[in-house]
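Below: the structure, in structure tokens.
The values are calculated or read from the model by the stated rules, or taken from the named source; none is laboratory data. Keep in mind that this is a model prediction, so the values were computed, not measured. With ideal geometry, Cβ positions are generated from the backbone for all residues, glycine too; neighbour counts draw on all protein chains shown. Surface accessibility is based on the protein's heavy atoms, side chains included, excluding ligands, DNA and RNA. Shrake-Rupley method; radii C 1.70, N 1.55, O 1.52, S 1.80 Å.
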Amino acid sequence: MPTPIPVTRSIALDPDELVETFVRASGPGGQNVNKVATAVELRFDVARSPSLPERVRARLVELAGRRLTLDGVLVLRADRFRTQERNRADAQERLVELIREAAIPPPPPRKATRPTLGSKIRRLEGKKRRADVKSGRGRPSFD
């Protein structure tokens, strides 16, 4: 059995859940680009993964956006490097980072507060001063 990929203290991915296909990379690369399939397309079934808690799964679906298929499969394409192995590691790193971000607990809800009386008074005094400055900018009246 392959060793699990650690994500957080409580989450580890089974490498058998990842499906990697190698395709030809796009862009410049000389003669090599037409012969060697170095780009990696990593697929991870978010919807049916036993490794993910339900809260993390829901957040991952939100974060994935367009990278998620209608079947709930996350598709990551890595073609930054010239070798298959480095692109493979890059795709796995990006997947782990995405899951780590999804595993971060949401911030506590904000408690609504009211402004103090002193801050209200200071705000109104500042508005009056500003109004006086602006009213003094008009044309002089000759009364």
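Just need a number here: residues in segment 1-17 that are surrounded by fewer than 10 Cβ atoms within 10 Å (Cβ to Cβ) and at pLDDT below 75.
2
Which residues, counting only those in segment 70-95, are open to solvent by less than 90 Å² (accessible area, probe 1.4 Å) and more than 16 Å from residue 20 (Cβ to Cβ)?
72
Which of the residues that make up segment 7-22 are assigned to a strand (DSSP E or B) and free of Cβ contacts under 8 Å to residues at least 40 places away in the same chain? Even if it seems obvious, please write down each step before you answer.
Initial filter on segment 7-22 (assigned to a strand (DSSP E or B)): 12-13, 18-22.
12, 19, 21 - these are the residues of segment 7-22 that are assigned to a strand (DSSP E or B) and free of Cβ contacts under 8 Å to residues at least 40 places away in the same chain.
Taking interchain pairs and intrachain pairs at least six residues apart, which have beta carbon atoms under 8 angstrom, with the first residue in segment 45-69 and under 15 Å from residue 105 (Cβ atoms) and the second in a strand (DSSP E or B) and of a type in the set (A, V, I, L, M, F, W, C)?
Short answer, once both residue conditions are applied: 60/74.
Out of 112, 131, 91, 37, report the one residue that is under 19 Å from residue 13 (Cα atoms) and not aromatic (Phe, Trp, Tyr).
Values: 112 fails: under 19 Å from residue 13 (Cα atoms); 131 fails: under 19 Å from residue 13 (Cα atoms); 37 fails: under 19 Å from residue 13 (Cα atoms).
Testing whether each residue is under 19 Å from residue 13 (Cα atoms) and not aromatic (Phe, Trp, Tyr) leaves just 91.
Filter segment 18-68 down to the residues that are at pLDDT 75 or above, more than 17 Å from residue 89 (Cβ to Cβ) and over 19 Å from the mean Cα position of the chain (by Cα) and list them by number. Can you show your working first?
Here is the first cut: in segment 18-68, the ones at pLDDT 75 or above are 18-24, 37-68.
Then keep just the ones that are more than 17 Å from residue 89 (Cβ to Cβ); that gives 24, 45-68.
Answer for segment 18-68, where residues must be at pLDDT 75 or above, more than 17 Å from residue 89 (Cβ to Cβ) and over 19 Å from the mean Cα position of the chain (by Cα): 24, 48, 49, 50, 51.
Taking the options 122, 114, 100, name whichever one is surrounded by 10 or more Cβ atoms within 10 Å (Cβ to Cβ), without any contact (Cβ under 8 Å) to a residue 24 or more places away in the chain and basic (Lys, Arg). Reasoning before the result, please.
Working: 114 fails: surrounded by 10 or more Cβ atoms within 10 Å (Cβ to Cβ); 100 fails: without any contact (Cβ under 8 Å) to a residue 24 or more places away in the chain.
Testing whether each residue is surrounded by 10 or more Cβ atoms within 10 Å (Cβ to Cβ), without any contact (Cβ under 8 Å) to a residue 24 or more places away in the chain and basic (Lys, Arg) leaves just 122.
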